[in-house]
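First up is the structure itself, then whatever we jot down about it.
The values are calculated or read from the model by the stated rules, or taken from the named source; none is laboratory data. These figures come from a predicted structure and were not determined experimentally. Using ideal geometry, Cβ is built from the backbone for each residue, glycine included, and neighbour counts are taken over all protein chains shown.
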Amino acid sequence: MLNLMSRLKKSLQKTQSSLTQRMSHIVLKNTIDEDEIEELEEILITADMGVPITMELIDSVRAKVKASKDMTDDIYGFLRESLRTYLPDEWKETNKVKVLLVFGVNGSGKTTTIAKLAKKYKDEGRKVLLAAADTFRAAAVEQLRVWSKRLEIPMIEKADGADPSSVIYEALEGMKARGCDLLIIDTAGRLHTNKNLMDEMSKMKRTIAQHVSSSELRTQMILDATTGNNGLMQARQFDKTIGIDELILAKFDSSAKGGFIFSIARELKLPVKYLGIGEGVDDLLPFSRDDFIEALFER
Amino acid sequence: MFDSLGDKFNNVFRYIRGTGKMSEKNIDEAVRSVKMALLEADVDYKVVKDFVADVKKRVIGQEVTKNILPEQQFVKIIHEELTEIMGKSNIDLTCANIGTTYLMVVGIQGSGKTTACGKLAFLLQSQKKKVLLVSTDIRRPAAITQLKILAKKANASFFDPEGEKDPCKIVKNVSEYVRHKDYDYVIFDTAGRLELDEPLMKELTQIKIILKPHEILFVADSMMGQSALKVARSFDENIGVDGVILNKLDGDTRGGVALSVKKVLGKPIKFMGLGEKLVDLEVFHPERLASRILGMGDVVSLVEKAKKTVGDKEAEYFEKKIRKANLDFDDFLRQLQYIKKMGSLKDILAMLPGANKLKNIPTDDKQMVHVEAMILSMTPYERQHPHMINPSRRKRIAKGSGCEVNQVNRLLKQFETMKKMMKKVTQGKSKDIMKNMMSRF
Ligand SMILES: Nc1nc2c(ncn2[C@@H]2O[C@H](COP(=O)(O)OP(=O)(O)OP(=O)(O)O)[C@@H](O)[C@H]2O)c(=O)[nH]1
Ligand SMILES: [Mg+2]
């Protein structure tokens, strides 16, 4: 298996060199002037960190520089430490999970990520079942069916336009008979502002709750790494209506840096569990807070 | 969709208004607030920087004249700069002089290309055009089937690649296929690809060379962050973008992407996606968007406009009249005519904050024409004594203005209500009457 860290670094490389260069001259001396503050602002904003966090970090850098005239730590180290405090502690895998409910806005990468997750769990020896609960988008069921065939993992489906909760119900009922111990549910993409579709999602969750305990269900929101400040609004609404256990950041192989996860973590205390780094079934990286920050500010 | 940006601007302007004069310091703060609002709206960092620098340059170089408040000047400058970026008119799809027009739809994964193809086909079919949909997305599972389903729903034809796995060959086969057919449009969907993916960008270039499309449409997700420009630029540099479709505007994104892409690519945004259904595609009007972004709070500019047209004396006269609540139809008519001078009612409403939330206001300019006609059919006596207008007079007015009697009735009722409302409003504060009155419309 490829070294995960080096893959992550590779996917980050293209933005790093310039970033590192710009950081290093700030780092070399112990003072900071307005141009450098602005440069810092640019680095953080263009990483989609969002205005509030950027301002917070800049304020704390200013304060730090002011407080210690003979400052020996570099600003880079200070920033890295500050960024760490935004993200929750490392996430620990529990083995109990029986149902994964996957959701997110349209086109964020749900179905592809499900294929990646299904493969990963299958390789770990779990007996996976897929539920095609996106009965709305054209050919969504067929898309998941292609993955189901490729991965040789069974799938429950119903006619297009069927109630997604009824697909989930059938899958939950059928798990035992099929000897499956993990159900992964694909749902239709929905904008967090669409009340009817959010209600539909709550209904799906209630259907699941009738079959498994809350510790056996894990809710995963898939976010597109190229998103901007709307990422926080999305997570806020999905968390409020359904409750999010963990996030997965897809399309991290783009040039976007996904900094909005810091805003989400800061407000909602939600961990990111994986990064999607391609369209292949193995393009899934476990998220590590330190690696993520390290790679972002690598010198 | 752009309300939040509007709210931000609103606060900025309220803040400047509160301070009364435009000192170097409060320009800085105002400019900074504008900058933050734009950044929160995901406008590209560099675009924002240039924008505020331009605004600042213009503000500082400006002489403060006596009659115009400094904040009005400030607002006007932002208005002008933003309008300039957003462009002026909506631009139609490019179309072949004779024969079939080829459209090519490109973008990154998950931006909504396939759905947009379906929507475009639906739109064109409804304009009685004959459309063929072609998918060259051989990579994403079921992408071809997805387009096939959409084609059926849109009543468009669909080209079946019959298992062909090379996008360039599909394009060649289509050229062959359409030769003796009479399609008005052939729309090519392409696989999503990231801006950094060189092999796939090369593939796109090859498709383009073979196809020679009349128009390449770049599909952008309006929820995108700071990488949006890099993406748009990469597509533009590799294959050349002719127009933009801005998707997923039905959410609560502030859509700053529109500003960045327009400013840097200089390519028009032609359509916006407002939902998942085939009907959810609308022609994009840059000027509407610009006034909407500003509209959020451009009261000051409206007042400025009003002042220019009405003149201070008129405003004072109205103020007095309204305060005494003896407004009559002559005044009403006069006011109507001022509004007409200022532009269409719709334009004026677009400049009022929150006006897009109001319902049941006569945004219809036709309605205003009727109102004017009815008042003109009144005798001077009737205009000054509205309460004397009895049923037989109403009938005559209706006849004279070509309206129905119930329209006259409604007008009289509305006029009474307005008078009452104004009395209430003006009991508290007598200042800013003009503004209040304007905002009643
Ligand atoms: N480069 C890259 N592409 C990805 C990644 N994850 C998903 N994609 C692509 O993004 C597109 C959309 O992915 P889907 O998995 O269909 O997204 P979805 O959320 O299920 O979409 P809807 O069901 O239509 O809302 C596809 O072209 C995927 O191949 C990733 O990590 N990197
Ligand atoms: Mg899907």
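One table, with the values for the structure above:
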| quantity | calculated |
| --- | --- |
| Residue satisfying condition, being within 11 Å of another protein chain (Cβ to nearest Cβ), over 19 Å from A:Ile242 (Cα atoms) and under 23 Å from the mean Cα position of the chain (by Cα), within set A:Leu117, A:Leu144 | A:Leu144 |
| Residue, nearest to B:Val219 (Cα to Cα), within segment B:242-263, restricted to residues that are surrounded by fewer than 22 Cβ atoms within 10 Å (Cβ to Cβ) and away from chain A (no Cβ under 14 Å) | B:Gly243 |
| Extreme residue, nearest to ligand 2 (Cβ to nearest atom), among residues of segment A:233-254 that are of a type in the set (A, V, I, L, M, F, W, C) and part of a helix (DSSP H, G or I) | A:Phe238 |
| Unmet requirement for A:Val281, which otherwise passes all of (1) under 25 Å from A:Tyr121 (Cα atoms); (2) among the β-branched types (Val, Ile, Thr); (3) more than 16 Å from ligand 1 (Cβ to nearest atom) | (3) |
| All positions within segment B:137-173 that are more than 24 Å from B:Phe122 (Cβ to Cβ), touching a residue at least 40 places away in the same chain (Cβ under 8 Å) and away from ligand 1 (no atom under 16 Å from the Cβ) | B:Cys168 |
| Tally, over segment A:52-68, of residues that are crowded, with 18+ Cβ neighbours inside 10 Å and under 23 Å from the mean Cα position of the chain (by Cα) | 3 |
| Hey, B:Val105 in contact with a Cys (Cβ under 8 Å, 6 or more places away or on another chain), modelled with pLDDT of 90 or more and either in the same structural domain as B:Leu246 (by TED's automatic domain parsing) or within 16 Å of ligand 2 (Cβ to nearest atom) (or both) or not | yes |
| Some residue of segment B:64-82 being surrounded by fewer than 20 Cβ atoms within 10 Å (Cβ to Cβ), at pLDDT 75 or above and either in a loop (DSSP other than H, G, I, E, B) or of a type outside the set (A, V, I, L, M) (or both) | yes |
| Selected residue [in contact with a strand residue (DSSP E or B) (Cβ under 9 Å, 6 or more places away or on another chain), more than 12 Å from ligand 2 (Cβ to nearest atom) and closer than 28 Å to B:Met223 by Cα] from A:Leu151, A:Leu87, A:Leu144 | A:Leu87 |
| Conditions (1) buried (at least 17 other Cβ atoms within 10 Å of the Cβ); (2) away from ligand 2 (no atom under 16 Å from the Cβ); (3) within 14 Å of chain B (Cβ to nearest Cβ); (4) closer than 22 Å to A:Gly161 by Cβ; number of the one not met by A:Ile208 | (3) |
| Residue that is farthest from the other protein chains (Cβ to nearest Cβ), among those in segment B:100-128 that are part of a loop (DSSP other than H, G, I, E, B) and within 25 Å of A:Ala256 (Cβ to Cβ) | B:Gly107 |
| Near pairs, Cβ below 9 angstrom, 6+ apart or cross-chain, from segment B:186-198 (within 8 Å of chain A (Cβ to nearest Cβ)) to any residue that is of a type in the set (S, T, N, Q) and within 16 Å of ligand 2 (Cβ to nearest atom) | B:Leu194/B:Gln109 |
| When residues of segment A:255-276 are limited to those that are buried (at least 24 other Cβ atoms within 10 Å of the Cβ) and in a loop (DSSP other than H, G, I, E, B), the one nearest to the other protein chains (Cβ to nearest Cβ) | A:Ala256 |
| Residue that is nearest to ligand 2 (Cβ to nearest atom), among those in segment B:139-150 that are surrounded by fewer than 21 Cβ atoms within 10 Å (Cβ to Cβ) and farther than 19 Å from A:Lys110 by Cα | B:Ile149 |
| Residue that is nearest to the other protein chains (Cβ to nearest Cβ), among those in segment B:199-217 that are within 16 Å of ligand 1 (Cβ to nearest atom) and either of a type outside the set (Asp, Glu) or within 24 Å of the chain's Cα centre (by Cα) (or both) | B:Leu200 |
| Hits in segment A:106-127 (condition: within 9 Å of ligand 1 (Cβ to nearest atom) and not aliphatic (A, V, I, L, M)) | A:Asn106, A:Gly107, A:Ser108, A:Gly109, A:Lys110, A:Thr111, A:Thr112, A:Thr113, A:Lys116 |
| Counted residues, segment B:151-175 - those being under 24 Å from B:Ile98 (Cβ atoms) and part of a loop (DSSP other than H, G, I, E, B) | 2 |
